[in-house]
Structures are given as structure tokens and as C-alpha cells.
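Below: one structure, written as C-alpha cells.
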């Protein structure tokens, strides 16, 4: 069976190509997981909310409908990146998760013009499984809140496991 998206010499094309089918699937799967996690923690959300446009018309991945921190609702945006891509490989060679931190910084800059009434959280995950540091804190916090509702102490671990499976599942 021929490949729809041929591999390059290093076997990376399907990871980094903007037209590769797994790219969008990973993004939506992680965004759905985050939204469901907020709901499990008892925090209502809406995905891709209208009215929180950037200057280019793009919307964040989701928004809490009740205050999350300091009396402000939180909006987030998920990005899944490949640390082996040309644009990230140099920084990724320095430290595990460095590419996720760079991607999170870029998202933070892109959403800097969102109204000051909201807290913005970039959620960057590498295809090799590493989340940016603030996203790890958010997922741990969500896991603790879900644990408080469910009584299951391992909810944070389960949340990270589900995210890892979703990232890897979309790769095959």
C-alpha cells in the first residue's frame, strides 16, 4: 500500500507536514480531552468560543464559563508540535520539552491581545510526549480537582496517560 504522505530521508514528513491527516486529529483529540477534563472537574466550558477573536479572527481552543483563577475565566489553546521538525530541532537538542516551551511562548504571544478579563493558558505537547511546564501544572490541577469529585486519587496520572495515548494514537 503506497503512503499518502511519503517520508523524507529521516522519516519525519508525516509528523511535520501541515497537510498530514494526523496533525489535525492530534490537536482536536487533546483539545477534547482538556474540555472533558474541565467538565469532570465540575467546571463548565465551551470549545472554540465566539467573541474572543485574535486580530486574525482565530479563536482559542476553549474557555471556562466560570472564573478559574483570580476571578477570571481561563481560555486555552492546544498545539501539538514535532520536536524533530527543522524549526524545533536545535532547541529540542538542548533539553527535553524545550520545543514545547518555545511553542507555548509563541502561542502566548499570539494571544496577547485577548481581553485582560481572561487568563490564557497555552497547552503545547510534543509528539514525543512532553508538555510545556505551565500545561503540566494545569493538568495536575485538573487531575486533583477531578480526584476531589471522583474519589480516585490517580486521576492526574490517568489524565496524562490519556493525553499520551491520544498523541501517539494519531501518529499511526
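Summed over segment 1-49, residues that are at pLDDT 90 or above and part of a loop (DSSP other than H, G, I, E, B) total 4.
Which one is farthest from residue 57 (Cα to Cα), of the residues in segment 105-125 that are surrounded by fewer than 17 Cβ atoms within 10 Å (Cβ to Cβ) and in contact (Cβ under 8 Å) with a residue 40 or more places away in the chain? So the residue we want is 117.
Collect the residues in segment 83-98 that are assigned to a helix (DSSP H, G or I) and farther than 30 Å from residue 153 by Cα, keeping them in residue-number order. Talk me through it step by step, then tell me what you get.
Initial filter on segment 83-98 (assigned to a helix (DSSP H, G or I)): 89-92, 98.
Once the filter is applied, which keeps residues that are assigned to a helix (DSSP H, G or I) and farther than 30 Å from residue 153 by Cα, segment 83-98 yields 89, 90, 91, 92.
Of the residues that make up segment 99-120, is at least one within 20 Å of residue 46 (Cα to Cα), outside any helix (DSSP H, G or I), modelled with pLDDT of 90 or more and in contact with a helix residue (DSSP H, G or I) (Cβ under 6 Å, 6 or more places away or on another chain)? No, that holds for no residue.
Of the numbered criteria (1) touching a helix residue (DSSP H, G or I) at 6+ places or on another chain (Cβ under 8 Å); (2) assigned to a helix (DSSP H, G or I); (3) under 20 Å from residue 45 (Cβ atoms), the one residue 123 fails is (2).
Consider segment 126-163 and keep the residues that are buried (at least 20 other Cβ atoms within 10 Å of the Cβ) and in a loop (DSSP other than H, G, I, E, B). The one that is modelled with the lowest pLDDT is 127. Among the residues of segment 78-104, not one is exposed (fewer than 15 other Cβ atoms within 10 Å of the Cβ) and closer than 21 Å to residue 29 by Cα. If you go through segment 71-98 and keep only what is over 20 Å from residue 61 (Cα atoms) and in contact with a helix residue (DSSP H, G or I) (Cβ under 9 Å, 6 or more places away or on another chain), you end up with 83, 84, 85, 86, 87, 88, 89, 91, 92, 95, 97, 98.
The values are calculated or read from the model by the stated rules, or taken from the named source; none is laboratory data. Everything numeric in this text was worked out from a predicted model, so none of it was measured. Cβ atoms come from the backbone with ideal geometry, glycine included; neighbour counts cover every protein chain shown.
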